[in-house]
Ligand code: 6GU
């Protein structure tokens with residue numbers, strides 16, 4: 001997979017060189033480049049923003065630098081605009097994006113990017129507008145980081161242990177069950193007996209119940225609307 005990130009704060013993306021995506025690069029699964037949008041400005045002050053037509057607060061990112069940047073790095077790519085007005089990022093979307101050959105992240109700052117850039121991008125690639133969640137960040141850089149990390153760890157050959165992908169939170173639509181390691185007793189707190197029993201069927205049943213309970217308490221929106229599976233009272 002190839003990933004390009006275009007941003008006015010390339011240093012913000014430095015963590016991509018580390019740990020998880022770094023490991024994917026070392027394994028040859030990922031070819032990653034971060035670009036400074038100002039490289040595609042032509043004026044002395046490297047201007048990337050201007051006041052909004054129609055008035056209002058804040059600044060809007062100018063179309064010309066974005067147009068030139070995307071023409072150079074995003075031909076045929078899936079172009080991801082990170083914006084709080086995009087579709088919510090989910091594990092399902094991470095899986096979908098992990099199957100794409102070339103992702104380009106266009107990180108917006110200020111009040112957003114001139115809408116004509118999104119329309120232009122749709123003529124050179126496939127556009128997705130994606131939000132990290134229902135809260136406001138100063139720019140799309142953190143979203144590009146988060147999406148990259150979620151996508152890259154799904155690339156075939158990235159994970160050593162395939163089971164850890166199957167069992168983690170959201171893989172089966174439930175939050176993950178609580179986990180424990182040695183010692184069996186710590187500061188007067190014991191690991192649940194069932195986990196020491198060696199009875200794998202009982203352990204699997206307990207973990208599924210715990211996952212259901214957690215999801216009902218913290219994320220009831222993830223459970224089916226009707227009582228088909230049952231709520232807290234059934235556990
Ligand atoms: Cl992708 N960008 C910004 N600026 N704020 C956000 C976001 C993105 N997702 C949630 N909040």
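Throughout, read-outs are computed from the coordinates displayed, never taken from laboratory work. This structure is a prediction, so every number in the text was calculated from the model and none was measured. In this analysis, Cβ positions are derived from the backbone assuming ideal geometry, glycine residues included, and neighbour counts consider all displayed protein chains.
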Next on the checklist: At a threshold of 8 angstrom on Cα-Cα distance, excluding pairs fewer than six apart, so keeping six or more, what relative contact order does the chain reach in percent?
Outcome noted: 19 percent
Checklist entry - If you average the sequence gap of Cα pairs under 8 Å that are 6 or more apart and divide by the length of the range 1-52, what percent do you get for the contact order? => result 44 percent
Next on the checklist: If I take R0 = 22 Å and measure r between the Cβ atoms of residue 134 and residue 169 in this structure, what FRET efficiency does the formula 1/(1 + (r/R0)^6) give, to the nearest 0.05?
Outcome noted: 0.70
Next on the checklist: Taking every alpha carbon pair in the range 78-192, what does the distance histogram look like in 5 angstrom bins from 0, in percent?
Outcome noted: 2, 10, 17, 18, 15, 12, 8, 7, 5, 3, 2, 1, 0
Checklist entry - Among rounded, prolate and oblate, which fits the chain when a ≥ b ≥ c are the square roots of the eigenvalues of its C-alpha gyration tensor, a/c under 1.5 means rounded, and a/b larger than b/c means prolate? => result prolate
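So if we plug the beta-carbon distance of residue 36 and residue 115 into 1/(1 + (r/R0)^6) with R0 = 22 Å, what FRET efficiency do we get, rounded to 0.05?
Approximately 0.45, to the nearest 0.05.
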Item to check | Highest average packing first - 178-187, 147-156, Cβ atoms within 10 Å | outcome: 147-156, 178-187
Next on the checklist: What distance in nm lies between label points placed 7 Å from Cα along the C-beta direction at residue 51 and residue 124?
Outcome noted: 3.0 nm
Item to check | Rounded if a/c under 1.5, otherwise prolate or oblate - the range 116-159, Cα gyration tensor axes | outcome: oblate
Item to check | Sites residue 196 and residue 155 - FRET efficiency at Förster radius 25 Å, r taken between beta-carbons, to 0.05 | outcome: 0.10
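Tell me, what is the percent relative contact order of the range 1-99, built from C-alpha pairs under 8 Å that lie six or more residues apart? Walk me through the numbers before you get to the answer.
Details: 74 pairs, mean separation 21.7, N = 99.
Once divided by the residue count of the range 1-99, the mean separation gives 22 percent.
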